[in-house]
Amino acid sequence: MLKRVPISTCMLLFALLFAQAVNAQKFEGLALTPPMGWNSWNTFAVKINEKLVMETADQLVSSGMKDAGYTYLVLDDAWMAMERDAQGNLVADPQKFPHGMKVVADYVHSKGLKFGLYNCAGTKTCAGYPGTRGYEYQDARFYAAVGIDYLKFDWCNTDGINAKEAYTTMSTAIKTAGRPIVFSLCEWGNNKPWDWAEHVGHLWRTTTDITNQFNGIKKFGTWSAFSAMKIVESQNAIRKFAGPGHWNDPDMLEVGNGMKVNEDRAHFSIWCMLAAPLIAGNDLRKMTPQTLSILTDKDMIAIDQDSLGVEAYKLAEKDSLDTWVKPMKKGLAICFLNRSEKAQTIDFNWTANPLADDVSKMKVDFKQTNYKVRDLWAKKELGTTKKPFKQVVPAHDAIVLRLY
Ligand code: GLA
């Protein structure tokens with residue numbers, strides 16, 4: 001005779017299964033390393049159109065950026081018409097995209113790239129276009145039909161709704177529509193997405209918007225944008241929440257958007273150390289060879305894209321000279337980031353600085369293990385960790401060493 005299972009056990013089993021189903025809504029395996037690509041917002045804001053997308057797709061390929069790993073071309077806010085159609089479907093702005101969005105997506109795909117769009121969890125996007133609230137499943141079907149591969153989902157005009165619920169609904173809608181899409185949460189870190197979004201999306205913004213400034217903040221009336229270094233300040237505390245498939249996103253790159261070359265190099269260095277998504281935000285049709293060489297530096301990208309997926313931790317900070325250490329699959333990377341206004345001398349004695357990281361469990365005692373050292377920007381072998389590293393790092397610049 002079958003033994004009767006107590007009702008409380010049934011309820012427990014049901015609750016466990018339900019929790020699992022709710023926790024498993026995103027497409028897993030889509031962003032095992034931080035996503036890389038290009039987004040229109042930082043340079044073009046609402047001034048986007050079909051020609052820009054096609055020229056940018058061409059540039060991604062011809063410049064070598066695609067080969068370096070930049071595969072997602074993402075259109076940010078303002079690609080839509082101001083109203084949905086009579087059936088409630090989103091419509092591409094007919095002036096900006098006269099052939100519709102499918103043609104644009106197909107063109108991007110024909111270049112071997114992936115295509116992304118933007119919308120918002122609220123009733124309207126930040127720039128005032130139709131938001132997704134109440135249309136999650138319908139919009140997800142639209143994205144699947146257009147053939148997008150990436151959705152950035154913003155947080156304006158959300159009138160006090162619950163972020164975890166809103167993003168979970170959209171994530172489930174994407175899953176239900178059936179096309180694998182990288183889901184990028186953009187609620188600026190307001191609701192601590194690192195606590196709940198691991199299975200909701202593939203990356204989540206950690207702060208307010210970046211601006212093309214090295215230090216400080218920029219005020220815009222009711223809100224402030226952060227400089228690259230201001231963003232860096234809050235990243236160490238949340239590093240443990242990132243990993244393969246789910247990344248902290250300190251926002252898109254401002255490389256090539258008006259900072260000095262050394263500042264761009266420092267900004268890019270620390271983004272790679274943080275295993276940040278590398279989403280270029282410059283006009284690729286006008287970029288200088290210097291900008292291109294920073295964005296496509298193979299050694300730096302290898303740090304960012306390391307399969308271990310562990311963010312760097314801050315080992316030390318003195319006079320605005322930070323030392324960051326990134327445990328890697330093989331060896332590690334160390335970055336001396338000079339956020340200050342003056343050149344500073346690094347005198348780093350490896351044997352006096354054993355390393356231990358709680359997150360990756362990496363432990364290195366340089367008295368016992370000897371590594372080769374390579375200066376990645378200078379492209380120079382520097383010998384081994386038996387010899388202390390002594391060098392000047394200019395103001396607003398960074399030195400990145402690879403230990404292997
Ligand atoms: C917000 C986002 C930005 C950008 C704009 C578009 O501010 O944080 O990255 O998408 O909206 O309006």
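The values are calculated or read from the model by the stated rules, or taken from the named source; none is laboratory data. Computed from a predicted structure; not experimentally measured. Heads up, the Cβs are rebuilt from the backbone with ideal geometry, glycines too, and the neighbour counts pull from every protein chain shown.
Looking only at the stretch 395-404, residues that are assigned to a strand (DSSP E or B) and either among the aromatic types (Phe, Trp, Tyr) or closer than 30 Å to Gln213 by Cβ (or both) come to 6 in all. The residues of the stretch 48-71 that are in contact with a strand residue (DSSP E or B) (Cβ under 9 Å, 6 or more places away or on another chain) and either within 16 Å of the ligand (Cβ to nearest atom) or of a type in the set (A, V, I, L, M, F, W, C) (or both), listed by number, are Val53, Ala57, Leu60, Met65, Ala68.
Residues in the stretch 201-214: is at least one more than 14 Å from the chain's Cα centre (by Cα) and among the aliphatic types (A, V, I, L, M)? No, that holds for no residue. Take Ala45 and decide whether it is buried (at least 19 other Cβ atoms within 10 Å of the Cβ) and among the hydrophobic types (A, V, I, L, M, F, W, C). Taking the combined requirement at face value, the residue does not satisfy it. Determine if the stretch 204-219 includes at least one residue that is over 15 Å from Thr132 (Cβ atoms), away from the ligand (no atom under 16 Å from the Cβ) and touching a Lys or Arg at 6+ places or on another chain (Cβ under 6 Å). No, the stretch 204-219 contains no residue that is over 15 Å from Thr132 (Cβ atoms), away from the ligand (no atom under 16 Å from the Cβ) and touching a Lys or Arg at 6+ places or on another chain (Cβ under 6 Å). Residues satisfying the criterion are absent from the stretch 170-181 (criterion: in the same structural domain as Val74 (by TED's automatic domain parsing), in contact with a Leu (Cβ under 6 Å, 6 or more places away or on another chain) and within 16 Å of the ligand (Cβ to nearest atom)).
Do we find a residue being closer than 21 Å to Ala127 by Cα, assigned to a strand (DSSP E or B) and not hydroxyl-bearing (Ser, Thr, Tyr) anywhere in the stretch 190-201? Checked against the condition, which is being closer than 21 Å to Ala127 by Cα, assigned to a strand (DSSP E or B) and not hydroxyl-bearing (Ser, Thr, Tyr), the stretch 190-201 yields no hits at all.
Which of the residues that make up the stretch 303-321 are in contact (Cβ under 8 Å) with a residue 40 or more places away in the chain and outside any loop (DSSP other than H, G, I, E, B)? Ile303, Asp304, Tyr313, Lys314, Leu315, Leu321 - these are the residues of the stretch 303-321 that are in contact (Cβ under 8 Å) with a residue 40 or more places away in the chain and outside any loop (DSSP other than H, G, I, E, B).
Of the candidates Ala242, Ala228, Ala280, the single residue that is within 16 Å of the chain's Cα centre (by Cα) and closer than 17 Å to Ala68 by Cα is Ala280. Residue pairs whose Cβ atoms lie under 6 Å apart, sitting 6 or more positions apart in sequence or on different chains, and linking a residue in the stretch 105-125 that is among the aromatic types (Phe, Trp, Tyr) to a partner that is in a strand (DSSP E or B), are Phe115/Leu73; Tyr118/Lys152. Residue check: is Ser224 within 16 Å of the ligand (Cβ to nearest atom), closer than 28 Å to Val91 by Cβ, of a type outside the set (Lys, Arg) and touching a strand residue (DSSP E or B) at 6+ places or on another chain (Cβ under 9 Å)? No, not satisfied. Scan the stretch 182-199 for residues that are more than 26 Å from Lys230 (Cβ to Cβ) and within 16 Å of the ligand (Cβ to nearest atom) and the total you get is 2. Pairs linking a residue in the stretch 282-293 that is modelled with pLDDT of 95 or more to a residue that is in a helix (DSSP H, G or I) and aromatic (Phe, Trp, Tyr), with Cβ atoms under 9 Å and 6 or more positions apart or on different chains, are Asp283/Phe44.
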